[in-house]
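As structure tokens, the structure follows; a few thoughts come after it.
The values are calculated or read from the model by the stated rules, or taken from the named source; none is laboratory data. Owing to the predicted nature of the structure, the values given are computational and were not obtained by experimental measurement. Cβ sites come from the backbone with ideal geometry, for glycine too, and all protein chains shown count toward neighbours.
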């Protein structure tokens with residue numbers, strides 16, 4: 001097993017670059033952190049290499065197959081972490097190719113400009129739980145491979161296709177396949193429970209402050225809103241996504 | 001208007017102590033930060049004093065009535081902030097008395113040991129949106145007046161009673177009034193859509209990792225679960241709360 005002790009090692013420098021979107025895009029890879037995420041990534045065979053701190057050693061319960069494992073000092077391990085209590089285990093994963101696993105997809109979550117990584121990750125996890133076939137993330141959203149998005153999604157990145165895409169193109173494409181696309185809006189929208197549940201649909205949700213872009217809303221099959229019965233002005237976007245997906249999927 | 005320039009001023013020291021639960025409990029007050037929260041607190045007449053940074057001056061659009069306003073240096077203002085981009089406005093609020101506004105309450109959210117402040121705040125905001133009458137927060141949960149809980153709840157603390165309480169006592173009390181109490185569980189539970197929606201109910205949700213305490217689950221009218229259709233292991237607790245409250249309230 002390779003053992004790296006220097007923070008100046010070129011491989012360590014390369015791993016650290018993966019904390020930036022630019023390098024993740026260039027290399028087509030991303031870095032994950034923690035037992036649970038590494039376990040989920042291994043199940044789906046997306047792992048290129050595993051990095052473990054010498055402090056924890058080789059975790060016995062992980063089924064690593066022939067994946068390369070590199071041991072590093074605790075200092076190096078901590079330098080890769082973006083959490084307060086690093087678990088000492090990381091993996092480098094390949095980004096799935098856009099379009100893989102999409103041919104049979106019938107249910108879609110479309111995300112317009114969601115900027116909080118905790119929200120985006122929770123929405124991906126929720127789409128997974130609701131059995132949605134694919135998540136399309138439009139311009140202006142936080143990067144899907146941001147470490148906090150990955151942590152909040154708790155492994156769902158490895159369970160369903162998460163794709164960066166142009167939402168205008170996707171709305172056209174889904175409507176062309178007779179799949180209804182519903183936006184979420186406060187004006188000119190129907191109460192969500194007035195919509196018929198169906199086998200195939202796209203649900204589009206948007207930015208935490210301003211909602212879905214108006215040009216996109218004008219392209220949908222229809223727009224929905226969730227009634228507010230109390231005095232709060234709105235719902236958190238991940239909570240709203242959960243209410244709508246579980247209603248539409250029923 | 002009072003103007004404070006020294007970080008050593010006793011009033012400044014007292015405000016800073018409100019960043020701890022201990023002092024919030026002792027004084028029966030809490031500190032809020034930002035325009036939106038201060039505005040919501042003023043509407044509900046819960047504000048004892050307003051603190052503004054000299055950098056922003058008096059915000060014209062706030063209706064402050066006869067509430068005392070204290071101007072402070074930017075340094076003092078920033079020392080009270082727990083955000084990365086302080087807005088320079090704060091208020092000291094009184095904690096509502098436990099029990100106020102509860103006599104006519106028919107719908108309750110009971111929270112067992114939710115530890116993430118963002119989750120607890122989002123759950124309070126969601127209960128407000130769903131028109132729930134009161135939120136009961138049991139032992140082992142993060143403090144309801146924690147600054148991140150307050151921010152995530154976006155003012156809902158001022159819209160409905162949020163009460164620290166013993167959940168065993170509350171389950172007994174609600175059942176004594178013929179109000180059904182539903183726990184959330186993975187084993188021995190019914191799919192939530194099998195439950196009849198009703199005018200009066202208590203919904204109990206629990207800790208992010210371990211769910212609701214088993215002793216509490218054994219006391220409920222019945223326990224519910226939300227089906228997982230995909231590969232994720234569970235839903236975020238705030239998302240689950242939204243799905244269940246909006247279903248039960250329908």
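Evaluating residue A:188 against the criteria (1) over 26 Å from residue A:47 (Cα atoms); (2) in a helix (DSSP H, G or I) leaves one unmet condition, (2). The sole residue among A:140, A:131, A:155 that is more than 9 Å from the chain's Cα centre (by Cα), over 21 Å from residue A:196 (Cα atoms) and touching a residue at least 60 places away in the same chain (Cβ under 8 Å) is A:140.
Checked across the stretch B:156-170, the condition of being farther than 26 Å from residue B:102 by Cα and within 14 Å of chain A (Cβ to nearest Cβ) holds for no residue.
For (1) more than 21 Å from residue B:130 (Cα to Cα); (2) outside any helix (DSSP H, G or I), each residue gets a yes or a no:
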{"site": "B:149", "(1), (2)": "no, no"}
{"site": "B:157", "(1), (2)": "no, no"}
{"site": "B:163", "(1), (2)": "no, yes"}
{"site": "B:169", "(1), (2)": "yes, no"}
{"site": "B:183", "(1), (2)": "no, yes"}
{"site": "B:197", "(1), (2)": "no, yes"}
{"site": "B:202", "(1), (2)": "no, yes"}
{"site": "B:219", "(1), (2)": "yes, yes"}
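Note on the stretch A:237-248: residues that are facing chain B (nearest Cβ under 7 Å) and farther than 12 Å from residue B:127 by Cβ total 4.
Per the conditions (1) more than 12 Å from chain A (Cβ to nearest Cβ); (2) out of contact with any strand residue (DSSP E or B) (no Cβ under 6 Å at 6 or more places or on another chain); (3) at pLDDT 95 or above, the sole criterion not satisfied by residue B:96 is (3). Is there a residue in the stretch A:223-233 that is within 12 Å of another protein chain (Cβ to nearest Cβ), modelled with pLDDT of 95 or more, within 22 Å of the chain's Cα centre (by Cα) and buried (at least 20 other Cβ atoms within 10 Å of the Cβ)? No, the stretch A:223-233 contains no residue that is within 12 Å of another protein chain (Cβ to nearest Cβ), modelled with pLDDT of 95 or more, within 22 Å of the chain's Cα centre (by Cα) and buried (at least 20 other Cβ atoms within 10 Å of the Cβ). On inspection, residue B:65 passes the criterion of being outside the structural domain of residue B:185 (by TED's automatic domain parsing), without any contact (Cβ under 8 Å) to a residue 24 or more places away in the chain, at positive phi and in contact with a helix residue (DSSP H, G or I) (Cβ under 9 Å, 6 or more places away or on another chain).
Among the strands (runs of 3 or more DSSP E) confined wholly to the stretch A:5-98, which include 1 or more residues that are closer than 19 Å to residue A:149 by Cα? Talk me through it step by step, then tell me what you get.
Working: elements: A:29-33, A:47-53, A:68-72, A:89-94.
Where strands (runs of 3 or more DSSP E) fall fully within the stretch A:5-98 and carry at least 1 residues being closer than 19 Å to residue A:149 by Cα, they are A:29-33, A:47-53, A:89-94.
Within the stretch A:71-91, the residues that satisfy the criterion of being in contact with a strand residue (DSSP E or B) (Cβ under 6 Å, 6 or more places away or on another chain) and surrounded by 19 or more Cβ atoms within 10 Å (Cβ to Cβ) are A:71, A:72, A:77, A:80, A:88, A:89, A:90, A:91. Considered as a group, the residues in the stretch A:204-214 that are away from chain B (no Cβ under 14 Å) and either touching a residue at least 40 places away in the same chain (Cβ under 8 Å) or under 22 Å from residue B:36 (Cβ atoms) (or both) include one that is surrounded by the fewest Cβ atoms within 10 Å (Cβ to Cβ), and that residue is A:210.
Can you name every residue in the stretch A:107-144 that is part of a loop (DSSP other than H, G, I, E, B) and either crowded, with 24+ Cβ neighbours inside 10 Å or more than 13 Å from chain B (Cβ to nearest Cβ) (or both)?
Hits for the stretch A:107-144 are A:113, A:114, A:115, A:130, A:132, A:138, A:139, A:140, A:141, A:142, A:143, A:144.
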